[in-house]
1. Residues of region 166-294: accessible area per residue at 1.4 Å, in Å²?
2. Quick check on packing: order 129-137, 115-123, 401-409 by the mean number of other C-beta atoms within 10 Å, highest mean leading.
3. For region 479-544, what does the convex hull of the Cα positions come to per residue, in cubic angstrom?
4. For region 191-328, give the percent of accessible area contributed by carbon and sulfur heavy atoms, probe 1.4 Å, rounded to a whole number.
5. At a 1.4 Å probe radius, carbon and sulfur cover how many percent of the accessible area of region 456-507?
6. Can you run phi through the Karplus equation (6.51, -1.76, 1.60; θ = phi - 60°) for region 47-52 and list ³J(HN,Hα) in whole Hz, with x for Gly and Pro?
7. Which value in nm describes the separation of the simple spin-label points at LYS196 and TYR246, placed 7 Å from the Cα toward the beta carbon?
8. Just the number please: accessible area per residue for region 502-569, 1.4 Å probe, all protein chains included, in Å².
Amino acid sequence: MGKINLLDSSLSNMIAAGEVIERPSSVIKELVENSIDASATMIEVALYDGGRRNIIVSDNGEGMDRRDAQLALKRHATSKISTEFDLFRIKTLGFRGEALPSIASVSRFHMLTSDGQSVGSEISAFEDEIECHDASSKQGTTITVAELFYNTPARLKYLKSDYIENASSLEVMARLALAHPSIAFSFTIDEKLQFKTTGRGQQLEAILNIYGAMSATNMLPITFVCPDFKISGYLGKPDIAKSNRYYIVTLLNGRSVFMPKVQTAIIEAYRDFLAPVRFPFVVLNFEIEPALVDVNVHPSKREIRFSKEEALRQVLLDLIPTILSGTPLLAAAPLNKEGLNRNERSIVDEPQSLLETEVAYGQYSFDEIAQSQNIKPSLVFQAIGQMHGTYIVAVDEHGGFVLVDQHAAAERINYEKFKHLASINEYIISPIVPLIIDMKPSEDALVTPERLAVLKQTGVLLEPFGIHSYKVVEIPIWAKEFDERQYVEQLLDDVLHQDKFDPLKIRDEAIAMKSCKRSLKANQRLSIGEMQALIDKLLTCQHPYTCPHGRPTIVSFSKYDLEKMFKRTGF
Ligand code: ADP
Ligand code: MG
């Protein structure tokens, strides 16, 4: 007896669903992309119970006639490619003819559609049964996906809390709306409006509609044209930098995609403008000849590759710092290398000292050295100079020397100072200037009573203030030491994006971040007196040898190390 069976269609659809439909947000993405492909100018999406109960996507697009409506639920039924040749010039978003049958195989699927010419169709699909009835002939399509994954318990179990699923759906919706500013989107979760875009064609307006005024007013436009690609969009000013990468939105030929290399380039290009571990908020559109793009890397089409990636990377590395530093930009002009990378040049221009080459030898941490040589670290250092305006050179009393990273040292000092202030002074005040925090809708979805309570325990009391905004009603008095807004935003970031609910820990993390912001920067000249004061202060800290993020503050070279390097030992 042969052992090979042909899978029946419902089983093969379920397998395909496993690849494309991971969670409610993937359903939204597929359905909305279909609406976009059908030239809709208005798309409404509603979500209930995190998308487990109902996902409704309604559009005013071309709709389908009876034959198409029935065919649409068959696997590999697509109106978007008919020959192999078409595969190489795909411009529409969907093209595999897999989404609808996949979704229908793992849900109770209901569709109302009409092309506006003939009588409309109402189609219900449930467990391989497809029913079709006449319906209104109003042009457009409304799809309702109910009880997602009811028949695939493993998938269902894998779904996260409503808050997390909602946040993912909002992320997807925000990206779709940013990619299509000419379409009026509205998105509600459990009847609560998350955002509504006007569809007037301006991406900046979509940014305003979705993220609020604080974001939209802090964006710098960017444009660049060359034969291989076009870049347009907005660069968030460093002031609105974020503590995660979710705000790096890259759209390729109108599709939100993850381009790992390009994302890294964007982060790198912002490096000199942002504090460590802050990430830019950007919305960038790339237009590239479709033939150069390989979207078939993954069935969800989220990650892509293309052949001119390296060239694009270089352009971003040059262009972004130029715009951020306020240099007037000549669109499409060949970039003048002399005008760029100022910071790098100033370092190269400095005379190379002997010490500089030495540094490359050993990177032992102070603790390691103390341990391995079993000597008590010397606690008396004398500052003798500074390298790169960044590292303080100091000699110790045993004939060795240390390099102190002045930024890391100042971070440690500030961190311990603020932590101390926070622990001895719990006094709460109202912010001096009214403080309103605008939230991204997907983050607002993460604001739960539980998280608000954790915030309250750190001394920050928030009250809802309009759509996606909160008013800071109470704040600890010592937070005045920082920029109060940034401190609250930092706290929020920590509370919303981690599932740690230890208020003290969250407060300390926020303090660590703020200490870093407030600290002495690299590239800052200090007098010998200032250097000495910094070292002395550092050594009074509880944990002087690392910064609050765990990086070393001091690297030490003992007399023994020096002798070894100059081959003066072992004779
Ligand atoms: P694909 O988008 O890859 O073609 P789908 O399974 O997503 O595959 O959709 C199958 C077909 O159903 C599409 O090619 C399109 O012709 C039709 N269709 C799906 N959604 C809509 C819609 N909202 N409006 C009009 N036609 C649609
Ligand atoms: Mg599709």
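The values are calculated or read from the model by the stated rules, or taken from the named source; none is laboratory data. On a predicted model such as this, the values are computed, not experimentally measured, just so you know. As a convention, Cβ positions derive from the backbone with ideal geometry for all residues, glycine included, and neighbour counts pool all protein chains shown. Just the protein is used for accessible areas: all its heavy atoms, side chains included, with ligands, DNA and RNA removed. Shrake-Rupley method; radii C 1.70, N 1.55, O 1.52, S 1.80 Å.
1. For region 166-294, the solvent-accessible area averages 38 Å² per residue.
2. Highest-to-lowest ranking by the protection proxy: 401-409, 115-123, 129-137.
3. 118
4. 53
5. Answer for region 456-507 is 50 percent, counting heavy atoms of protein chains only.
6. 10, 10, 6, x, x, 5
7. Going by the 7 Å Cα→Cβ label model, 2.4 nm.
8. 54
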